[in-house]
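The values are calculated or read from the model by the stated rules, or taken from the named source; none is laboratory data. Bear in mind that the values here come from a model prediction, so they are computed numbers and not experimental data. Counting neighbours? That spans all protein chains shown, and the Cβs are built from the backbone with ideal geometry, glycine included.
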Amino acid sequence: MPELPEVESVRRGLQDRVTGARVSGVRVLDPRILGSTSQRRVPPEAVGAFAAAVAGVGLRAPERRGKFLWVPFVRPGEDPQSAPPAALTLHLGMSGQLRVHAAHDPVHRHTRAVLALGQDRELRFLDQRIFGHIGVDVLVPDGPDAVPRSTSHIARDPLDARWNAEATARVVQRSRAALKSVLMNQSVVSGVGNIYADEALHRAGVHPLAVPARMRISRIRRVLDESRSVMLAALAQGGTSFDALYVHVNGDSGYFERSLRVYGRDGRPCATCGGVIRRIVVGARGTHLCPRCQPAQRPRRS
DNA sequence: CGGCTCCCCTGTAAGC
DNA sequence: TGCTTACAGGGGAGCC
């Protein structure tokens, strides 16, 4: 399940391998990978349009915000200063992988799209469940940065140098939804998915169903701080490879699974207090918590 | 408009 | 044993 640490690990792998490469060919093996998360049916001309948009372009260094990846490119013979900036956009969804292969390597059966790089290498997009996406988008300004237009509603993530923890905490506090759902709202704070939301809440000692509007701002700040630090720790381990659906660009796994304290550990003892870890459902997502370390919010009398 | 539910999809595993 | 069903989840559409 690629979240920020996994996507950043992939971005770093791509940075070494695709920056400066020229796209010499395009193959779309499953057109659904070009669709949106809720509209997988794409018109037949979408394949040709995608291929035409990236054919011959020169790839620049990959960028990321939250779980969204993009690779800015320069079209052949175009002046980068005057042409409208654009990028190859990538989202790994649930099971997406980006792999850089020699062109003669066998093609895995979940390969959905292939970009040939130069003469003998390929960037391959694999995605078992097709929740991911590959496309092309124009870049629009966001302060000093440029982001794909389709990503402009995505908030800065906790590893962004311009992330404002204090302002984010105030936005979170305005919500009356379950704290975990707010933490996973990518327009409030990006990059946090189901695993790291559970881990951050446990480390902060806060119940996933706590209502931000009824919390002290210091508790909200603590949860955001823990989100940042747990994702930094996971990044240092190359991310979490829970079920082999997430791997690096070279096929290696991440090693943070051994450091998870609650996610996927329901019924087992909490390493902090010895209590039994429970699983509930929050916002239709499996949610893991230690009821002793993360006591429920006191109900409000009305 | 905030907040919620549903749905896209496939592989795995439980149930009958 | 073999089929059917439930479940996992990121994020957007659509509804109240």
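Would you be able to say whether some residue in region A:124-134 is away from DNA strand C (no atom under 16 Å from the Cβ) and either in a strand (DSSP E or B) or under 19 Å from A:ALA61 (Cα atoms) (or both)? Yes, the conditions are met somewhere in region A:124-134. Please tell me if A:VAL54 is in contact with a Leu (Cβ under 9 Å, 6 or more places away or on another chain) and modelled with pLDDT of 95 or more. In short, yes. Considering region A:1-37, the residues that are of a type in the set (S, T, N, Q) and in a helix (DSSP H, G or I) include one that is modelled with the lowest pLDDT, namely A:SER9. In region A:156-181, the qualifying residues are those that are in a helix (DSSP H, G or I) and either touching a Pro at 6+ places or on another chain (Cβ under 6 Å) or at positive phi (or both), and the one that is surrounded by the most Cβ atoms within 10 Å (Cβ to Cβ) is A:LEU179. Within region A:281-302, track down each residue that is surrounded by fewer than 15 Cβ atoms within 10 Å (Cβ to Cβ), among the aliphatic types (A, V, I, L, M) and not in a loop (DSSP other than H, G, I, E, B). Correct list: A:VAL281 only. When A:GLN186 is tested against the conditions (1) more than 21 Å from A:PRO291 (Cβ to Cβ); (2) assigned to a helix (DSSP H, G or I), the lone failure is (2).
For A:LEU260, state whether it is surrounded by 16 or more Cβ atoms within 10 Å (Cβ to Cβ), within 16 Å of DNA strand C (Cβ to nearest atom) and not hydroxyl-bearing (Ser, Thr, Tyr). Yes; evaluated as a whole, the condition is true for this residue. Considered as a group, the residues in region A:185-202 that are crowded, with 22+ Cβ neighbours inside 10 Å and not small (Gly, Ala, Ser) include one that is nearest to DNA strand C (Cβ to nearest atom), and that residue is A:ILE195.
Of all residues in region A:67-107, those satisfying the criterion of being loosely packed, with under 13 Cβ neighbours inside 10 Å and either in a loop (DSSP other than H, G, I, E, B) or within 15 Å of DNA strand B (Cβ to nearest atom) (or both) are A:PRO76, A:GLY77, A:ASP79, A:PRO80, A:GLN81, A:SER82, A:ALA83, A:PRO84, A:HIS104, A:ASP105, A:PRO106. Taking residues in region A:96-114 that are hydroxyl-bearing (Ser, Thr, Tyr), and partners anywhere that are surrounded by 20 or more Cβ atoms within 10 Å (Cβ to Cβ), the pairs with Cβ atoms closer than 8 Å and at least 6 places apart or on different chains are A:THR111/A:ARG124; A:THR111/A:PHE125; A:THR111/A:LEU126. With respect to the conditions (1) away from DNA strand C (no atom under 15 Å from the Cβ); (2) within 26 Å of A:ALA296 (Cα to Cα); (3) assigned to a loop (DSSP other than H, G, I, E, B); (4) small (Gly, Ala, Ser), A:GLY251 lacks only one, and its number is (2).
Within region A:108-136, the only residue that satisfies the criterion of being polar (S, T, N, Q) and either over 17 Å from A:VAL249 (Cα atoms) or more than 16 Å from DNA strand B (Cβ to nearest atom) (or both) is A:GLN119.
Within region A:254-280, can you find the residues that are outside any loop (DSSP other than H, G, I, E, B) and of a type outside the set (Lys, Arg)? Within region A:254-280, A:TYR255, A:PHE256, A:GLU257, A:SER259, A:PRO269, A:VAL276, A:ILE280 meet the criteria.
Every residue, every condition in (1) under 17 Å from the mean Cα position of the chain (by Cα); (2) over 28 Å from A:ALA155 (Cα atoms), yes or no:
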| position | (1), (2) |
| --- | --- |
| A:ALA197 | yes, no |
| A:HIS207 | no, no |
| A:ALA210 | no, no |
| A:ARG216 | no, no |
| A:ARG221 | no, no |
| A:ASP225 | no, no |
| A:ASN250 | no, yes |
| A:GLY264 | no, no |
| A:GLY274 | no, yes |
